[in-house]
Amino acid sequence: MKKQIIAFTMSPRQSQFEVDRLETEAKKLGVEVNRAMYRELEFQMSNDKCQISKVSVKGIEVTKENCMGMWFRVAGTKSGKYTEGRNLAIRLLRAKGIFCANSKGYLEWTRMGKIAQHGVFIENNIPIVPTNIFYEKEQILNPSPLRGAPLDRGASNFFGWNYPIIAKHEKGYQGKSVRKFDNWKQVDKFVNKINEKNLGMFLWQKCLPTRWDLRVIVLDGKAIGAMKRTAVGEEFRSNFSLGGAVETWDLSEADRNLAEKVAKVCGLDYCGVDIMKDLEDKSYILEVNRQCQFQGFEKSTNINVAKLVVEMFLNKA
């Protein structure tokens with residue numbers, strides 16, 4: 001039986017480019033890629049009289065003989081049932097010697113949002129953009145000077161930062177939740193509009209004046225390359241999915257080491273690390289994406305990411 005890589009997605013359309021590319025490159029190397037939905041997982045577990053632990057996909061048990069590894073795409077649901085299912089599959093399959101990409105990171109952080117990431121970055125001395133988090137509207141609307149806030153309720157600046165400033169939702173993706181505020185009036189309107197129970201889900205950050213950032217893909221501990229993403233027109237966000245212009249980037253040794261450090265401390269075999277620079281060329285980590293897309297990356301760098309992912313699975317098998 002030909003061994004396969006099982007690629008999990010939430011729907012047939014999710015990560016279609018990435019899984020299609022994986023299938024194409026795997027076929028060239030004599031490997032089969034089986035796309036599966038998280039809902040097609042089944043588990044059988046028992047330690048009564050005999051030890052049983054079976055993980056099945058589409059009704060077929062996953063074994064060392066028929067599977068060389070698992071590749072997981074986004075598994076988000078409100079209930080979190082599929083992230084729990086993913087992690088249960090990892091625990092049971094690792095015991096059978098089956099490689100599950102990013103297993104260490106998934107088991108340590110079932111869902112690694114932006115707030116959790118920033119805690120990890122601070123703990124490991126990884127540079128971040130100055131960030132504030134609040135849980136009560138009063139903390140923003142009537143700030144105390146003891147917290148370093150201006151006495152004029154932030155009209156001239158925001159907690160010591162000149163405008164514009166950035167707010168982003170901790171569960172946001174592809175830049176869709178990122179907002180820019182040019183003055184206090186805009187901040188005041190936004191804070192008064194949202195439900196206070198959701199306030200603690202936002203990171204408030206100093207806005208760096210550059211309109212571009214870097215996406216570095218790290219695979220099996222090594223940065224394989226980088227692309228520069230530049231905001232276009234009136235759009236301040238540089239994401240490729242939002243129309244950002246992309247081009248290859250010659251990664252410096254310092255930024256290469258920084259990206260590899262992020263992947264290591266987050267326990268990731270495959271990830272995209274986003275780096276932004278200030279006007280003095282100092283690098284800051286914006287976030288790490290454990291299931292990053294790579295269409296724009298392959299387009300701009302001519303690096304065959306899909307092939308390298310398949311080769312990683314072959315090396316781990």
Normalised Cα Rg of the stretch 50-153, dividing by 2.2 N^0.38 Å with N its residue count, works out at 1.65
Final fewest-first order of C271, C207 on the 10 Å Cβ neighbour count is C207, C271
Quick note, the stretch 4-100: a/c under 1.5 would make it rounded; otherwise a/b > b/c is prolate and the rest oblate (a ≥ b ≥ c, C-alpha gyration tensor); here it is oblate
Going from the fewest other Cβ atoms within 10 Å to the most, one would list I194, I126 as I194, I126
Rounded to the nearest Å, the spacing of the alpha-carbon centers of the stretch 1-79 and the stretch 173-211 is 38
For the stretch 1-36 the trypsin sites (Lys or Arg not before Pro) that pass both the DSSP coil test and the at-most-11 other-Cβ-within-10 Å test are K2, R13
So the angle from the long Cα axis of helix 184-193 to the longest Cα principal axis of the chain, reported in degrees to the nearest 10, equals 50
Rounded to the nearest 10, the angle in degrees between the Cα long axis of helix 114-123 and the longest principal axis of the Cα atoms of the chain comes to 90
Bridge orientation stat for the chain from DSSP, antiparallel percent rounded to 5, came to 75
For the stretch 4-100 the mean separation of alpha carbon contacts under 8 Å (6+ apart) over residue count, i.e. relative contact order in percent, is 31
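Return the calculated 222 nm mean residue ellipticity for the chain, to the nearest 500 deg cm²/dmol, obtained by summing -39500 (n - 2.57) across DSSP H runs with n ≥ 4 and dividing by the residue count.
Here the helix-only value at 222 nm equals -8500 deg cm²/dmol.
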Among (1) 17.0; (2) 19.7; (3) 18.7, the value of mean projected area of the Cα convex hull in nm² computed for this structure carries the label (3)
Here the relative contact order (percent) of the chain, from C-alpha pairs under 8 Å and at least 6 apart, is 17
For V120, V305, ascending order of other Cβ atoms within 10 Å (fewest first) is V120, V305
Those GluC sites (Glu not before Pro) from the stretch 51-140 that are DSSP loop and have at most 13 other Cβ neighbours within 10 Å turn out to be E65, E136
Helix 305-316: inclination vs the chain longest Cα principal axis, degrees, rounded to 10, gives 50
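Values in this text are rule-based calculations from the coordinates and carry no lab data. Being a predicted model, the structure only gives us computed values, none of them experimental. No Cβ is skipped: glycine too gets one built from the backbone with ideal geometry, and neighbour counts run over all protein chains shown.
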